[in-house]
């Protein structure tokens with residue numbers, strides 16, 4: 001027996017080693033132990049299989065992908081959750097420390113988990129995920145062992161931008177479980193497949209407030225015009241303030257010219273968020289007649305959200321100066337703000353889809369603060385502007401290592417979008 005190779009020896013003894021501690025011992029050699037650790041996925045003991053997945057995730061590397069895919073089909077919910085998080089962790093290193101698997105508390109056959117409300121993470125556009133990974137996680141999202149496993153699968157698909165599993169996400173919406181439905185909708189938002197919009201539009205009238213708000217937000221982000229009549233109906237007779245806010249915000253993302261009256265009615269609202277949504281919606285209509293109303297908000301409103309919305313609206317309507325008190329400069333300056341940076345970034349991402357706006361950011365990128373250079377690099381990386389390649393190449397050589405890193409990352413993102 002001593003003459004047998006280490007891996008073969010373990011293959012002969014695996015059937016008798018059914019405890020998690022045996023898995024941990026087998027995993028000590030690291031990458032070379034992957035075949036041995038993978039054998040424990042055949043154990044009859046769920047704790048042992050879960051530990052095998054945990055050790056494979058800790059070892060990491062592309063050789064762990066196949067056994068982790070296998071583990072997503074395990075009959076135990078914990079094993080599925082750990083395998084799903086392990087696959088995400090391969091493409092987004094460090095994810096396992098914050099994923100659902102990190103919260104698992106098991107007592108016999110009962111597992112308890114705690115979902116984080118923070119769900120904004122996605123991998124970079126240029127990261128290519130193996131199709132069979134998306135397929136495997138898609139099966140978990142639509143038919144996993146328990147609702148926690150399914151919800152976690154939905155979250156993973158959003159992070160990995162798993163567009164090919166869209167049918168699984170749509171199927172997950174039929175579970176009628178609030179957490180699963182919510183996670184599926186957020187994943188659909190991240191994937192941004194506009195064809196999914198009409199398939200979720202019926203949920204804007206869902207009786208669960210959390211699902212309804214997420215569905216309204218989803219049809220807005222996907223610019224699902226089929227949902228406009230329902231949104232107008234919700235605005236006319238909202239169930240509650242959250243539904244009203246969500247519906248106005250969604251309408252503002254894809255307003256028709258005739259929606260100006262609905263939006264203008266909110267310019268005098270005492271609610272900052274409603275005023276902001278209405279103002280940005282008027283900006284998207286891009287009408288000279290409405291520009292006066294936006295300018296009034298820009299000059300007179302004292303709150304940040306409406307003023308940022310007005311700045312965005314004016315930029316969309318051609319005000320591209322980036323000096324002094326100009327609206328574009330206001331958005332750029334806000335990139336230095338801890339509280340409102342994300343709002344300004346979102347507006348700049350959208351505005352920079354227009355090549356004229358993107359080009360107006362070249363100078364501010366070169367001359368800006370560190371925070372401005374980092375965020376503007378990301379904006380230009382997502383802009384699709386081919387002329388920004390040269391600008392980002394220069395940023396990728398910045399003397400500040402962090403700025404250079406973000407410049408290179410943005411450059412890779414832009415080249416992936418342009419397919420060059």
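The values are calculated or read from the model by the stated rules, or taken from the named source; none is laboratory data. The structure presented is a predicted model; accordingly, all values stated were derived computationally and were not measured. Note: ideal-geometry Cβ built from the backbone for every residue, glycine included; neighbour counts use all protein chains shown.
Brief remarks follow.
- The set of residues in the range 334-344 that are surrounded by fewer than 18 Cβ atoms within 10 Å (Cβ to Cβ), in a helix (DSSP H, G or I) and in contact with a helix residue (DSSP H, G or I) (Cβ under 8 Å, 6 or more places away or on another chain) comprises 336, 341.
- Condition check for residue 372: over 22 Å from residue 279 (Cα atoms), assigned to a helix (DSSP H, G or I) and in contact with a helix residue (DSSP H, G or I) (Cβ under 7 Å, 6 or more places away or on another chain): yes
- Residues within the range 363-416 that are under 20 Å from residue 336 (Cβ atoms), in contact (Cβ under 8 Å) with a residue 40 or more places away in the chain and surrounded by fewer than 17 Cβ atoms within 10 Å (Cβ to Cβ), tallied: 1
- For the range 375-394, filtering for residues that are part of a helix (DSSP H, G or I) and over 19 Å from residue 344 (Cβ atoms) leaves 6.
- Test result for residue 287, at pLDDT below 95 and surrounded by fewer than 19 Cβ atoms within 10 Å (Cβ to Cβ): yes
- Count - residues of the range 378-415 that are within 19 Å of the chain's Cα centre (by Cα) and over 16 Å from residue 353 (Cβ atoms): 3
- Count - residues of the range 142-165 that are without any contact (Cβ under 8 Å) to a residue 60 or more places away in the chain and touching a helix residue (DSSP H, G or I) at 6+ places or on another chain (Cβ under 6 Å): 13
- When residue 314 is tested against (1) within 24 Å of residue 127 (Cβ to Cβ); (2) in contact with a helix residue (DSSP H, G or I) (Cβ under 7 Å, 6 or more places away or on another chain); (3) surrounded by fewer than 24 Cβ atoms within 10 Å (Cβ to Cβ), exactly one condition is not met: (1).
- Matching residues, the range 81-104, being surrounded by fewer than 24 Cβ atoms within 10 Å (Cβ to Cβ), in a helix (DSSP H, G or I) and more than 19 Å from the chain's Cα centre (by Cα): 102, 103
- Residue within the range 169-180 that is surrounded by fewer than 24 Cβ atoms within 10 Å (Cβ to Cβ), touching a residue at least 60 places away in the same chain (Cβ under 8 Å) and out of contact with any strand residue (DSSP E or B) (no Cβ under 6 Å at 6 or more places or on another chain) present: yes
- Among residues of the range 118-131 that are on the phi < 0 side of the Ramachandran plot and touching a residue at least 40 places away in the same chain (Cβ under 8 Å), those with a beta-carbon under 7 Å from a residue that is in a loop (DSSP other than H, G, I, E, B) and surrounded by 14 or more Cβ atoms within 10 Å (Cβ to Cβ) at least six positions away or on a different chain give the pairs 122/161.
- Residues within the range 92-110 that are modelled with pLDDT under 80 and in contact with a strand residue (DSSP E or B) (Cβ under 7 Å, 6 or more places away or on another chain), tallied: 0
- The range 245-270, residues that are surrounded by fewer than 16 Cβ atoms within 10 Å (Cβ to Cβ) and under 29 Å from the mean Cα position of the chain (by Cα): 256
- Sole exception among (1) assigned to a helix (DSSP H, G or I); (2) in contact with a helix residue (DSSP H, G or I) (Cβ under 9 Å, 6 or more places away or on another chain) for residue 292, by number: (2)
- From the list 347, 330, the one residue that fits, being part of a helix (DSSP H, G or I) and within 23 Å of residue 250 (Cβ to Cβ), is 347.
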